[in-house]
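What follows is one structure encoded as structure tokens, with my remarks underneath.
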Amino acid sequence: MKKNHPFRRVMLASAATVSGIVLLLTLKPSSDPGSTQAAGALPQQTAAAQESAQGGASAQAGTFTGDAVDTQYGPVQVRLTVNGGKITKAEAVQAPTGGQSTQISGNAVPKLNQAAVAAGNANIDAISGATYTSAGYKTSLQSALDKVADAGTGSAAGGAAAQPATVTGDAVDTQYGPVQVRITVSGGKITKAEAVQAPTGGQSTQISGNAVPKLNQAAVAAGNANIDAISGASYTSAGYKTSLQSALDKVPSADAGAGAADSAAGSAAGSAAGAGAAESSAPASSAPPAGATANGGGTFTGTVVQTEYGPVQVRVTLTAGKITSVSTVQSPSGGRSDQISGNAIPKLNDAALAAGDADIDAVSGASYTSAGYKESLQSALDQAGG
């Protein structure tokens, strides 16, 4: 039987302890867990910050109210709620009411609201039986969308001149339906033109389908509203040119070269003519070249005058202070009004040309149209300083 040696047991125990410590040291992580966590926290915070910053910069959000648009039966005004650059809600702040209008609006407006949200733009169909309300809705909707675009452009580019501007002209009522033009301007040039509204229904659909693309191309090519009418689409062409000019008048000053391109070819006096010079870039088909605003010349469009049977609007061209051309941009239409306007308007145009002012006699059987004509004619002459 072997003897136990206390010293040997002490040595073995010490060796075992040392081995255990060495083993624990080899199993310890190569880096401190606290430092690993700190190192990993920085990328996570940066990613979150980037996501937040990107979302705030690109997402257009807010509530935008369009312009109030007067229709034959009352004003229409649209308000949009936009989130992430998309329409999430559309509502009519104003709509025609009273009598049958209340029922028509009650039926049409909810459908128009749904269509606006679904389409995400103003290219929506009119509601049957609510033509005027639908046209007013679309115009106000587009003006709200323009405000959304302006807000987005302003925040992203700080109003840099290099940013293209999209502007929508006024809706112009013609004998066959409204015409409204939207243009995109970049670097002082029209880069895109499109008709937001054009006459539809029956033969008008075919006529618009043929005329509008040609008018769009002509607007881009000319860079202004001095474009030729399309054969067989006189009313649509006239409405298109008027709406196109109103869009050019609204172009921000940084891109105003598009509206003034042709007037620059005139005289220095023409460039200082203010509102008259802007209007002169959209002359009637028989007007002298645009920009001829010196010596009391130019083309001027009067205000739209609402009559009991529809709107009346007159455009005049003056040369050396005298009326050389008169045309009617808008006149009452539909039913018997077509016959009355067809008879009265040419006589009123001739009378204005002969008189050289708005002091002309009313045409028998067309009292309301005559009164509206004279008022719009006078407003055009007031713009010319006549």
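The values are calculated or read from the model by the stated rules, or taken from the named source; none is laboratory data. Every value quoted in this text rests on a predicted model; they were computed, and no experiment measured them. Here Cβ is always computed from backbone atoms with ideal geometry, including for glycine, and neighbour counts include all displayed protein chains. Just so you know, the surface numbers come from the protein's heavy atoms only, side chains and all, with ligands and any DNA or RNA stripped out. Shrake-Rupley method; radii C 1.70, N 1.55, O 1.52, S 1.80 Å.
Using the structure shown, decide if Ser341 is assigned to a helix (DSSP H, G or I), open to solvent by less than 40 Å² (accessible area, probe 1.4 Å) and closer than 22 Å to Thr236 by Cβ.
Against the criterion (assigned to a helix (DSSP H, G or I), open to solvent by less than 40 Å² (accessible area, probe 1.4 Å) and closer than 22 Å to Thr236 by Cβ), Ser341 qualifies.
Taking segment 169-195 as the search range and keeping residues that are out of contact with any helix residue (DSSP H, G or I) (no Cβ under 6 Å at 6 or more places or on another chain) and among the β-branched types (Val, Ile, Thr), which one is farthest from Ala126 (Cα to Cα)?
Selected residue: Thr191.
If a residue has to be part of a helix (DSSP H, G or I) and under 18 Å from the mean Cα position of the chain (by Cα) to count, how many in segment 216-254 make the cut?
Summing the residues that are part of a helix (DSSP H, G or I) and under 18 Å from the mean Cα position of the chain (by Cα) in segment 216-254 gives 17.
How many residues are among the charged types (D, E, K, R) and either open to solvent by less than 50 Å² (accessible area, probe 1.4 Å) or in a helix (DSSP H, G or I) (or both) when one looks only at segment 73-128?
Qualifying residue count, segment 73-128: 1.
Can you report the number of residues in segment 62-72 which are outside any strand (DSSP E or B) and open to solvent by 30 Å² or more (accessible area, probe 1.4 Å)?
Of the residues in segment 62-72, 3 are outside any strand (DSSP E or B) and open to solvent by 30 Å² or more (accessible area, probe 1.4 Å).
Name the one entry in Asp228, Asp262, Asp249 that is modelled with pLDDT under 50 and among the charged types (D, E, K, R).
Result of the check over Asp228, Asp262, Asp249: Asp262.
Within the set of pairs 6+ apart or on separate chains, which have a first residue in segment 303-316 that is in a strand (DSSP E or B), a second that is of a type in the set (Lys, Arg), and C-beta atoms under 8 Å apart?
Partner pairs satisfying both residue conditions: none exist.
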